[in-house]
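Q: Below you will find the structure I want to go over with you.
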């Protein structure tokens with residue numbers, strides 16, 4: 001069974017709207033997009049990469065706003081800080097990938113390296129943060145977190161922003177404005 005399939009199965013065992021279920025489903029979609037990129041021609045690769053970039057930017061910003069403050073209390077500050085640092089590094093790599101030609105063989109090599117880092121990050125969340133949240137928060141609390149996560153995703157930027165990545169305070173301050181700019185830029189195709 002692939003990691004994505006295992007994540008979907010784990011998510012299905014949690015209540016509908018549970019923050020951990022939502023995140024596991026997103027992790028599965030992220031892994032699926034990496035597989036699509038690896039097997040696609042240049043045109044489809046661009047579409048899959050654009051979807052991956054937007055999903056990662058929104059996913060990470062929402063995690064920083066909703067999950068990390070709770071993870072600091074449940075899994076510990078060091079764990080939350082480590083995940084924020086990984087997200088900051090991922091944002092920097094994602095910005096570099098945005099500037100590359102998807103038809104360049106170097107792009108696929110860079111994406112494969114990035115996939116390993118993103119997968120390791122997701123594994124840490126799934127093994128450290130998520131079990132602590134499930135153990136120390138009620139179903140109702142996790143449902144509320146799920147609602148907040150979805151709301152945060154609507155306000156989150158769709159492109160990585162180096163000043164905000166890995167910094168929940170910066171995401172809160174710049175996120176809605178950056179999201180507005182990003183969504184306008186996405187709509188006009190840059």
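Q: Select the helices (runs of 4 or more DSSP H) contained entirely in segment 1-72, then report the ones holding at least 1 residues which are at pLDDT 90 or above and more than 20 Å from residue 155 (Cα to Cα). Walk me through it before giving the result.
A: Details: elements: 3-12, 19-39, 42-62.
Those helices (runs of 4 or more DSSP H) span 19-39, 42-62.
Q: Sticking with this one: Which is modelled with pLDDT of 95 or more, over 19 Å from the mean Cα position of the chain (by Cα) and surrounded by fewer than 18 Cβ atoms within 10 Å (Cβ to Cβ), of 140, 103, 110?
A: Within the list 140, 103, 110, the selection yields 140.
Q: Note down all Cβ pairs under 7 Å where the first residue falls in segment 84-99 and is on the phi < 0 side of the Ramachandran plot and part of a helix (DSSP H, G or I), the second is surrounded by fewer than 17 Cβ atoms within 10 Å (Cβ to Cβ) and at pLDDT below 85, and they're at least six residues apart or on different chains.
A: Qualifying pairs under 7 Å: 91/162; 92/162; 95/162.
Q: Within segment 75-99, which residues are at pLDDT 95 or above and more than 23 Å from residue 3 (Cβ to Cβ)?
A: The answer is 76, 77, 78.
Q: Of the residues that sit in segment 15-30 and are over 14 Å from residue 63 (Cα atoms) and in contact (Cβ under 8 Å) with a residue 12 or more places away in the chain, which one is nearest to the chain's Cα centre (by Cα)?
A: Only one residue tops the list, namely 30.
Q: Yes or no: residue 148 buried (at least 20 other Cβ atoms within 10 Å of the Cβ), in contact with a helix residue (DSSP H, G or I) (Cβ under 6 Å, 6 or more places away or on another chain) and either in a helix (DSSP H, G or I) or modelled with pLDDT under 95 (or both)? Outline the logic, then answer.
A: Numbers: buried (at least 20 other Cβ atoms within 10 Å of the Cβ): no; in contact with a helix residue (DSSP H, G or I) (Cβ under 6 Å, 6 or more places away or on another chain): yes; either in a helix (DSSP H, G or I) or modelled with pLDDT under 95 (or both): yes.
When the stated conditions are applied, residue 148 does not pass them.
Q: Next up: So residue 73 clears everything in (1) in contact (Cβ under 8 Å) with a residue 40 or more places away in the chain; (2) surrounded by 15 or more Cβ atoms within 10 Å (Cβ to Cβ); (3) under 22 Å from residue 144 (Cα atoms) except one condition, right? Which one?
A: Going through (1) in contact (Cβ under 8 Å) with a residue 40 or more places away in the chain; (2) surrounded by 15 or more Cβ atoms within 10 Å (Cβ to Cβ); (3) under 22 Å from residue 144 (Cα atoms) one by one, residue 73 breaks only (2).
Q: May I ask you to list the residues in segment 36-49 that are without any contact (Cβ under 8 Å) to a residue 40 or more places away in the chain and in contact with a helix residue (DSSP H, G or I) (Cβ under 8 Å, 6 or more places away or on another chain)?
A: Of everything in segment 36-49, those that are without any contact (Cβ under 8 Å) to a residue 40 or more places away in the chain and in contact with a helix residue (DSSP H, G or I) (Cβ under 8 Å, 6 or more places away or on another chain) turn out to be 36, 40, 44, 48.
Q: I'm told residue 155 meets every condition in (1) at pLDDT below 95; (2) more than 16 Å from the chain's Cα centre (by Cα) except one. Can you identify the failing condition by its number?
A: The failed condition is (2).
The values are calculated or read from the model by the stated rules, or taken from the named source; none is laboratory data. Bear in mind the structure is a predicted one, so any value in this text is a computation, not a measurement. FYI the Cβ positions are ideal-geometry reconstructions off the backbone, even for glycines, and counts take in every protein chain you see.
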